[in-house]
Amino acid sequence: MKKTKRISIFRRSIPHFIVTSLIILLIFLFFAPSIFIFVKPGEAAVLWRRFFGGTIVDHVYGEGFHIIPPWDKMYIYNVRIQQIKPELKVLTKNGLTIHLKLSIRYSPEYELLGVLHQKVGPGYVKAIVIPEIENILRTTIGNYTADELYTTKRAILSKIINKALEQVIQRYIIIDDVIIRKVILPEYITTAIEVKLKEEQKAKAYVFRIMRAKQEAERKKVAANGIKRYNDIVNSSLTDLILQWKGIEATRQLAASTNSKMVVIGNGPEGMPIILGAGNR
């Protein structure tokens, strides 16, 4: 009897409105995470209404604080440029299996985030991005041999990016870049390709040396022809009278030298006269 009486007294001592307030507070705290939504920087949200039309596809909720009914739900997406580094194996044109290490930068298209959520959902990376890029890689690389792939990665990369932009953008996703970080071929194939490239470089160097030798020979031939033409012109202009006159001029200059003593003897009846020149003593 005493125990029952104590409980009755305790209940009477707590006002009814306090009990009600506590119950409301507990319900509020329980549903608060579903009512008050915080969208952080670099994020955006899509609202799903349970009773009024489902996914809202024509409005994207940006950063900040949002209040929604507890029976609805808001899905938050990272809309910044993100990166994944998948690895896969593909077949080349000649049936060789190669291992590729990739780097894919992507982001969801902001204005179409609601459609992306409705059509694909939060798992769009595994559902679309990776499979689409893998498919593009397989179909593109399948047109190349191992050595072509080994030496022309940039050209292949350009084709991959263009195809990725065309196909993935139709799925409400933006592909910012696709990078082939590493191409791993079987060791014996890599060795064979490197040997082939070295031999090609040697052959190119040999051809270059031959071309240089031919050019040098042609240069010498041209120079020799020029010298020959010059001598022919000079020889045709050197008559006996000109030579005799040049000899006389040279003799006079030598004889006039104050520090020399010279004897010049003519050759034949029409040769230059004998001239003696003595310096001052």
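The values are calculated or read from the model by the stated rules, or taken from the named source; none is laboratory data. Only a predicted model underlies this, so the values are computations on that prediction, with no experimental measurement involved. Cβ: placed from backbone, ideal geometry, glycine included. Neighbour counts: every protein chain shown.
Below is a table of values for the structure above.
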{"quantity": "Residue match in the range 179-186 (condition: under 30 Å from Leu116 (Cα atoms) and at pLDDT below 75)", "calculated": "no"}
{"quantity": "Residue list for the range 74-123, filter: in a helix (DSSP H, G or I), out of contact with any Leu (no Cβ under 9 Å at 6 or more places or on another chain), surrounded by 14 or more Cβ atoms within 10 Å (Cβ to Cβ) and not aromatic (Phe, Trp, Tyr)", "calculated": "Leu112, Leu113, Val115, Leu116, His117, Gln118, Lys119"}
{"quantity": "Some residue of the range 144-160 being assigned to a helix (DSSP H, G or I) and modelled with pLDDT of 75 or more", "calculated": "no"}
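The rows are residues; the columns are (1) of a type in the set (Lys, Arg); (2) modelled with pLDDT under 80; (3) loosely packed, with under 13 Cβ neighbours inside 10 Å; (4) touching a Gly at 6+ places or on another chain (Cβ under 7 Å).
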position: Lys163; (1), (2), (3), (4): yes, yes, no, no
position: Val168; (1), (2), (3), (4): no, yes, no, no
position: Arg171; (1), (2), (3), (4): yes, yes, no, no
position: Ile175; (1), (2), (3), (4): no, no, no, no
position: Tyr188; (1), (2), (3), (4): no, yes, yes, no
position: Thr191; (1), (2), (3), (4): no, yes, yes, no
position: Glu194; (1), (2), (3), (4): no, yes, yes, no
position: Glu199; (1), (2), (3), (4): no, yes, yes, no
